[in-house]
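Everything on this sheet refers to the single structure shown next.
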Amino acid sequence: MASKKFTEAAQNLSKAAEIAIESIKKYPPKYWDDGELNHVVNCYNERLLFINNPEPKFQNMRSLKYLEEAVFTRFQECSGENVEEFWRRIKEENLPFKRENKMAKILKRKKINNDIEYDFVTDLIVPYQQEGMITEEEVILLNAYLGKFENRKRK
């Protein structure tokens, strides 16, 4: 039997996953074709199934955390109308989730800590710059952090 804490967290995550699906359907990225849209929606529907019908061995907070990461990654790391709609709806529904600015954390720390952050910066430095989310000076700093991380990895 799942704990009350797990059940409540799963209900909140389930609602967030439903909002993710609705947001993506309402505002799909312009560069997606129907196949990409359907694939992403199907992935979110699969996550929703796992959230709402976990096997007994997965009815714990650790397993739910993995699903939370899967639901939120796109909305933490991307931008666009569907991302803004998603966060607006999360706030409107009073769900206990917060938007995290990973790029700001890396800039404040002045260091890339691991491969995940390295990939994040590599993938998003150009779109963030194009959308005005980071300045030219921050781009220069981030490129320096990428270089330092690569040097540490080589050693």
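What part of the accessible area of the chain, given as a whole %, is carbon or sulfur when the probe is 1.4 angstrom? Ligands and nucleic acids excluded, carbon and sulfur give 51 percent.
Accessible area per residue of the chain at 1.4 Å probe, in Å²? Intermediate values should be presented prior to the final figure.
Numbers: 10210 Å² over 155 residues.
Here the per-residue accessible area is 66 Å².
Using a Förster distance of 25 angstrom, determine the FRET efficiency expected from the C-beta separation of Tyr66 and Glu131, and round it to 0.05. Kindly include the intermediate steps, with their values, before the conclusion.
Details: r = 29 Å, r/R0 = 1.16.
With R0 = 25 Å, the Cβ-Cβ based efficiency is 0.30.
Would you kindly calculate the translational diffusion coefficient of the chain, applying Stokes-Einstein with the Kirkwood radius from alpha carbon pairs, for 4 °C and a viscosity of 1.567 mPa s, and quote it in µm² s⁻¹ without decimals?
On the way: Rh = 17.3 Å.
This corresponds to a translational diffusion coefficient of 75 µm²/s.
Excluding same-chain neighbours fewer than eight residues apart, the aspartates and glutamates reachable from Lys25 by a Cα-Cα span under 16 Å are Asp33, Asp34, Glu36, Glu46, Glu81, Glu84, Glu85.
Of the DSSP H helices in the chain, those with a Cα length along their own long axis of 15 Å or more and a mean Kyte-Doolittle hydropathy reaching -1.0 comprise 4-26, 34-52, 61-77, 115-130, 136-154.
Under a point-charge model restricted to the Cβ atoms of Lys and Arg (+1) and Asp and Glu (-1), what is the dipole moment magnitude of segment 34-155 relative to its Cα centre, in debye to the nearest 20? If you can, show how the numbers build up before the last one.
Details: 21 positive and 22 negative charges, 202 e Å.
Dipole size: approximately 960 debye.
Straight-line cross-link reach from Lys108 at under 14 Å between alpha-carbon atoms covers these aspartates and glutamates, not counting any fewer than eight positions away in the same chain: Glu100, Glu117, Glu137, Glu138. With both labels modelled 7 Å from their Cα along Cα-to-Cβ, the Asp115 to Lys25 distance reads 3.6 nm. In this structure, the pairs whose alpha-carbon distance is over 28 Å, taken from Lys98/Lys148; Lys57/Lys91; Lys30/Lys65; Lys30/Lys98; Lys5/Lys26; Lys102/Lys148, are Lys98/Lys148; Lys57/Lys91; Lys30/Lys65; Lys5/Lys26.
The values are calculated or read from the model by the stated rules, or taken from the named source; none is laboratory data. Keep in mind that what you see is a predicted model, and the values were worked out from it rather than measured. All Cβ positions, glycine included, derive from the backbone under ideal geometry; neighbour counts span all protein chains shown. Heavy atoms of the whole protein, side chains included, go into the accessibility calculation; ligands, DNA and RNA do not. Shrake-Rupley method; radii C 1.70, N 1.55, O 1.52, S 1.80 Å.
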